[in-house]
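Below: one structure, written as structure tokens.
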Amino acid sequence: MSQDLSGCALPVPPAEASALFGESLPTMTRYAELLAGPGVERGLIGPREVERLWERHLLNCGAMAELIAPELNVVDVGSGGGLPGLVLAIVRPDLHMTLLEPLLRRTVFLSECVETLGLRNVEVRRGRAEEWAGRMDADLVTARAVAPLERLVGWCLPLLAPKGRMLALKGEAAATELERVAPSLKALGAVEWGVVSVGAELGEAATRVVRIDLGANGFRTAKSARGARSVRSSRSRRTPN
């Protein structure tokens, strides 16, 4: 056991962490100390989470990296204590990561983490996803433990550029939540969606991710989709000249 800043026992990184994080493991360990210390003190994670910080949180989030192409502009919605945004930024320095979080105390913590860890590929923005709709043009949006998928798609898809992708870490609930929203996805501009299993080699840290891909025309609001259907219907009723 190592000692974190709050006096709680922080487990040493498991063998799986070395394999997954490689050269970034020292930075990830320092981030774990920040979560287990100031993160607990400020209520970003519960004290009981410290003993399972690696398996339940850090490895769990790091497993998502295998689904992300190089050098993307990524927005992490509802970053909280930086899960998965900071984890992905540490293990994948090629990514440009924007951490989007509405609560001040959390953005302060995130900014402190970015400075302490010396991360140059991370930007912290305070605000709700709805406030940034249509203004981000992200290649990829990530989210974890933020909201049910029914609400999450309405927050995340408008942040994406055309052909962008949304990844939502949902665990065992992934297939059930996706089934509920699937009938509405095509009208919102999505062309492909599914559930992907990641981290099989990580044991209990393995998880499931909902993946939703937008088409070349990008996100469409429900209103614009209804308008498009109305125009098509009107055209189909026209009498040829």
Legend entry - Fraction of antiparallel bridges per DSSP, region 17-126 only, in percent to nearest 5: 0 percent
Inset, instruction - Report the antiparallel proportion of the DSSP beta bridges in the chain as a percent, rounded to a multiple of 5. - result: 45 percent
Inset, instruction - Could you work out the per residue convex hull volume over the alpha carbons of the chain, in cubic angstrom? - result: 124 Å³
Inset, instruction - For every other residue with a beta carbon closer than 11 angstrom to the beta carbon of residue 198, add +1 if it is Lys or Arg and -1 if Asp or Glu, then tell me the sum. - result: 0
Inset, instruction - Would you mind working out the magnitude of the charge dipole of region 88-153 relative to its Cα centre, with +1 at each Lys and Arg C-beta and -1 at each Asp and Glu C-beta, to the nearest 20 Debye? - result: 180 debye
Inset, instruction - Determine the relative contact order of the chain: mean sequence separation of Cα pairs under 8 Å and six or more apart, normalised by residue count, in whole percent. - result: 15 percent
Inset, instruction - Answer with one residue from 134, 146, 77: the one whose Cα lies farthest towards the positive end of the charge dipole of region 59-167, charges on Cβ with Lys, Arg +1 and Asp, Glu -1. - result: 146
Legend entry - Cα-based shape type of region 77-134, given that a ≥ b ≥ c are square roots of the gyration tensor eigenvalues and the cut on a/c is 1.5: oblate
Legend entry - Gaussian network model of the chain, Cα within-10 Å springs - most flexible of 17, 161, 147: 147
Inset, instruction - Give the peptides 68-74, 39-45 in descending order of average Cβ contacts within 10 Å, highest first. - result: 39-45, 68-74
Inset, instruction - Could you tell me which of rounded, prolate or oblate describes region 33-152, using a ≥ b ≥ c as the square roots of the eigenvalues of the alpha-carbon gyration tensor, with rounded for a/c under 1.5 and, failing that, prolate when a/b is larger than b/c and oblate otherwise? - result: rounded
Legend entry - Global geometry of region 35-77, whether rounded, prolate or oblate, following the gyration tensor of its Cα atoms and the 1.5 cut on a/c: oblate
Legend entry - For the chain, size of Cβ-based charge dipole, Lys and Arg +1, Asp and Glu -1, in debye: 1820 debye
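Values quoted throughout were computed directly from the atomic coordinates according to the rules given, and no laboratory measurement underlies them. Here the structure is a predicted model, which is why all the values come from computation and not from measurement. Counting neighbours? That spans all protein chains shown, and the Cβs are built from the backbone with ideal geometry, glycine included.
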